[in-house]
Amino acid sequence: SEYGVETLHGPAYGPPSHSAAASSAPSSSSAFRHVVPSRQIVERQPRMLDFRVEYRDRNVDVVLEDSSTVGDIKHILENELQIPASKMLLKGWKTGDVDDSTVLKSLHLPKNNSLYVLTPDLPPPSSSHSGALQESLNQNFMLIVTHREVQREYNLNFSGSSTIQEVKRNVYDLTSIPVRHQLWEGWPPSATDDSMTLAVSGLTFPCHRLTVGRRSSPVQTREQSEEQCTDVHMVSDSDGDDFEDATEFGVDDGEMFGVASSALRKSPMMPENAENEGDALLQFTAEFSSRYGDCHPVYFIGSLEAAFQEAFYGKARDRKLLAIYLHHDESVLTNVFCSQMLCAESIVSYLSQNFITWAWDMTKEANRARFLTMCTRHFGSVVAQTIRTQKTDQFPLFLIIMGKRSSNEVLNVIQGNTTVDELMMRLMAAMEIFSAQQQEDIKDEDEREARENVKREQDEAYRISLEADRAKREAQEREMAEQFRLEQIRKEQEEEREAIRLSLEQSLPPEPKEESTESVSKLRIRTPSGEFFERRFLASSKLQVVFDFVASKGYPWEEYKLLGTFPRRDVTQLDPNKSLLEVKLYPQETLFLEAKE
């Protein structure tokens with residue numbers, strides 16, 4: 001397949017060679033930082049680094065100077081774990097390209113670090129050197145089970161704490177041979193009770209071969225079976241003789257001991273022709289939990305488009321890979337894959353941290369056709385055809401999807417015949433590819449945001465400048481308008497005063513002549529500027545005539561007061577209706593004007 005297993009083989013799974021490290025420079029810049037020469041390292045105090053290294057159920061603490069190499073860690077672990085350094089894959093580094101020659105100082109590590117060891121090329125370590133029962137219970141046994149009738153082999157991994165009964169129930173899922181009808185060859189003589197754990201049953205570690213077939217008659221006795229085959233391990237009494245005639249009471253073979261079978265499961269993983277993908281995923285999650293327990297990947301509840309949105313279209317730092325799990329109840333691998341691989345704590349934890357996991361059930365034809373339509377729309381016809389040609393026994397499938405700018409790329413299609421270590425390796429290899437792309441996306445996004453910030457700042461500065469210019473222009477216009485208004489008021493006031501002055505000037509009685517026979521009063525008036533003007537008035541004229549004369553000269557009595565000299569008095573305070581003679585401004589008087597306060 002174009003997207004099959006081979007796409008992730010090679011340097012992605014093992015320590016990269018020097019040429020591979022050089023060719024993958026874009027994946028992480030930190031792998032190529034300058035290493036300080038040893039001469040300079042001696043000149044300062046070496047820095048000590050602490051490593052907690054996990055391998056299966058063991059933890060090893062390693063303390064090294066930062067001048068040491070990755071290979072030095074492996075040599076220490078080789079002595080502690082009794083594993084050849086060449087077979088180790090040391091994982092958990094924060095940077096992409098790390099090989100045995102990499103100096104720890106060049107990785108810029110913190111004081112405390114956590115790593116873990118994978119050994120995909122080695123079977124689980126033998127427990128012969130450890131007599132502790134607990135260690136045996138924690139080890140994994142590889143059972144190579146041959147189905148006699150169809151001549152097919154199954155490679156099954158079981159922990160040492162699993163019982164013989166659990167093995168038989170799992171084989172029932174694979175072969176459809178009920179436990180009470182199974183005829184076994186290859187069990188050790190010490191395996192006399194189906195409740196025994198594999199660790200104490202006497203199986204050959206780490207691999208043991210068994211053969212299973214169907215009994216010729218469901219009511220065949222144990223003695224008859226032993227006559228047919230001397231090396232046959234029958235089911236225990238609780239699973240065999242007590243239920244020989246279970247069918248007489250309406251109990252079907254598949255319902256024995258609560259064994260789940262794809263043909264007899266009453267609740268499908270997903271309803272057929274579900275209108276809403278979110279509702280379908282809710283039922284899938286609930287059914288998955290009821291079958292395999294609550295320790296399983298967190299499935300995204302929603303449409304595939306919504307899962308794309310969640311995984312690919314956030315900020316670059318928040319993006320994740322998309323894992324699509326394709327379930328098939330009729331595959332012989334489904335039960336083992338789900339219970340032992342997909343529900344393994346290490347797999348669940350890794351998927352939760354780095355993936356958005358979406359699931360679909362391919363058992364029903366309508367649901368299968370619906371997914372293939374979605375697959376064609378989102379990934380293209382080549383990927384859809386790849387999935388369409390997968391046989392039932394190749395399911396379950398695990399698709400690893402990485403979002404790109406123009407399209408979504410399928411990094412890998414993982415089939416159900418895998419192991420926990422191999423599945424973890426595939427997921428980690430995909431993460432290395434994704435991390436390299438993510439770093440580029442983060443860099444591009446940061447640069448784009450920086451450019452946008454500069455543009456926003458420039459636009460804001462330009463807007464503020466325009467606003468300031470507009471405010472300044474409006475202030476000038478307001479000032480000019482105010483000046484114009486005041487000027488208009490001043491002109492109007494001057495025009496009004498001039499009109500009043502002219503009116504008063506025209507209303508004044510004519511100035512009497514010096515040779516007039518009537519009594520004449522001569523007044524000399526001094527202005528605030530020091531000028532003088534004189535006029536003759538009839539002594540019988542009222543004081544108001546004098547006020548009007550002064551106002552006609554531009555000095556209205558509302559603004560100025562007229563003062564006498566000897567005695568000093570304010571003439572404007574006198575009754576304006578009295579005559580000049582009455583107010584003693586006769587025959588002549590000098591007055592001066594003073595502005596009122």
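Quick notes on this one:
- Here I356 fits the description: outside any helix (DSSP H, G or I) and either surrounded by fewer than 21 Cβ atoms within 10 Å (Cβ to Cβ) or not assigned by the TED database to the domain that holds R169 (or both).
- In the range 479-499, residue farthest from the chain's Cα centre (by Cα) [restricted to those that are under 26 Å from S552 (Cβ atoms) and either surrounded by fewer than 10 Cβ atoms within 10 Å (Cβ to Cβ) or among the aliphatic types (A, V, I, L, M) (or both)]: A499
- Check on V336, assigned to a helix (DSSP H, G or I), open to solvent by 60 Å² or more (accessible area, probe 1.4 Å) and among the hydrophobic types (A, V, I, L, M, F, W, C): no
- Whichever residue in the range 81-98 is assigned to a loop (DSSP other than H, G, I, E, B) and surrounded by fewer than 17 Cβ atoms within 10 Å (Cβ to Cβ) and, among such residues, is modelled with the highest pLDDT: P84
- Hits in the range 502-531 - residues which are closer than 15 Å to Q588 by Cβ and of a type in the set (K, R): K522, R524, R526
- Among the criteria (1) open to solvent by less than 90 Å² (accessible area, probe 1.4 Å); (2) outside any helix (DSSP H, G or I); (3) modelled with pLDDT of 85 or more, the one R52 does not fulfil is (1).
- Annotation note: Cβ proximity below 9 Å between a residue of the range 431-457 that is in the same structural domain as S349 (by the TED database) and in a helix (DSSP H, G or I) and a residue that is surrounded by 13 or more Cβ atoms within 10 Å (Cβ to Cβ) and among the hydroxyl-bearing types (S, T, Y) (sequence gap 6+ or interchain) occurs for no pair.
- Within the range 200-216, residues that are at positive phi have Cβ atoms under 7 Å from residues that are in a loop (DSSP other than H, G, I, E, B) and surrounded by 16 or more Cβ atoms within 10 Å (Cβ to Cβ) in these pairs: G202/A191, counting only partners at least 6 apart in sequence or on another chain.
- Only residues that are open to solvent by 60 Å² or more (accessible area, probe 1.4 Å), more than 15 Å from A595 (Cβ to Cβ) and in contact (Cβ under 8 Å) with a residue 24 or more places away in the chain were counted across the range 545-581, and they come to 4.
- Residue check, A384 aliphatic (A, V, I, L, M) and touching a Cys at 6+ places or on another chain (Cβ under 6 Å): yes
- Of residues in the range 430-459 being among the aliphatic types (A, V, I, L, M) and in contact with a strand residue (DSSP E or B) (Cβ under 8 Å, 6 or more places away or on another chain), the one surrounded by the fewest Cβ atoms within 10 Å (Cβ to Cβ): I433
Residues are listed down the side, and each one gets a yes or a no for (1) acidic (D, E); (2) under 26 Å from S176 (Cα atoms); (3) open to solvent by less than 50 Å² (accessible area, probe 1.4 Å); (4) at pLDDT 90 or above:
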| site | (1), (2), (3), (4) |
| --- | --- |
| A280 | no, no, yes, no |
| A286 | no, yes, no, yes |
| F300 | no, no, yes, yes |
| L304 | no, no, yes, no |
| Y313 | no, no, no, no |
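- Odd one out for V420 among (1) among the aliphatic types (A, V, I, L, M); (2) open to solvent by 10 Å² or more (accessible area, probe 1.4 Å); (3) within 20 Å of the chain's Cα centre (by Cα): (3)
- Test for L585: is it open to solvent by less than 30 Å² (accessible area, probe 1.4 Å) and in contact (Cβ under 8 Å) with a residue 40 or more places away in the chain: yes
- Within the range 518-597, strands (runs of 3 or more DSSP E) holding 1 or more residues that are touching a strand residue (DSSP E or B) at 6+ places or on another chain (Cβ under 9 Å) and of a type in the set (S, T, Y): 520-526, 560-564, 588-595
- Qualifying residue in the range 310-324 (condition: within 30 Å of F141 (Cα to Cα) and in contact (Cβ under 8 Å) with a residue 40 or more places away in the chain): yes
- Members of the range 378-417 found to be among the acidic types (D, E) and closer than 21 Å to S303 by Cα, listed by number: E409
- Hey, E534 of a type outside the set (A, V, I, L, M, F, W, C) and at pLDDT below 90 or not: no
- Tally, over the range 367-388, of residues that are open to solvent by 30 Å² or more (accessible area, probe 1.4 Å) and either within 22 Å of M269 (Cβ to Cβ) or in contact (Cβ under 8 Å) with a residue 12 or more places away in the chain (or both): 7
- Of all the residues in the range 67-100, those that are more than 23 Å from N354 (Cα to Cα) and either in contact (Cβ under 8 Å) with a residue 60 or more places away in the chain or of a type in the set (A, V, I, L, M) (or both) number 10.
- Residue that is in contact with a Gly (Cβ under 8 Å, 6 or more places away or on another chain) and either closer than 19 Å to A499 by Cβ or not acidic (D, E) (or both), where the choices are V550, V571, V546, V583: V571
- The condition (being surrounded by fewer than 19 Cβ atoms within 10 Å (Cβ to Cβ), within 27 Å of M431 (Cβ to Cβ), modelled with pLDDT under 75 and not assigned by the TED database to the domain that holds H208) is satisfied by just one residue among P123, P110: P123.
The values are calculated or read from the model by the stated rules, or taken from the named source; none is laboratory data. Keep in mind that this is a model prediction, so the values were computed, not measured. Note: ideal-geometry Cβ built from the backbone for every residue, glycine included; neighbour counts use all protein chains shown. These area figures cover heavy atoms from the full protein model, side chains too; ligands, DNA and RNA do not enter into them. Shrake-Rupley method; radii C 1.70, N 1.55, O 1.52, S 1.80 Å.
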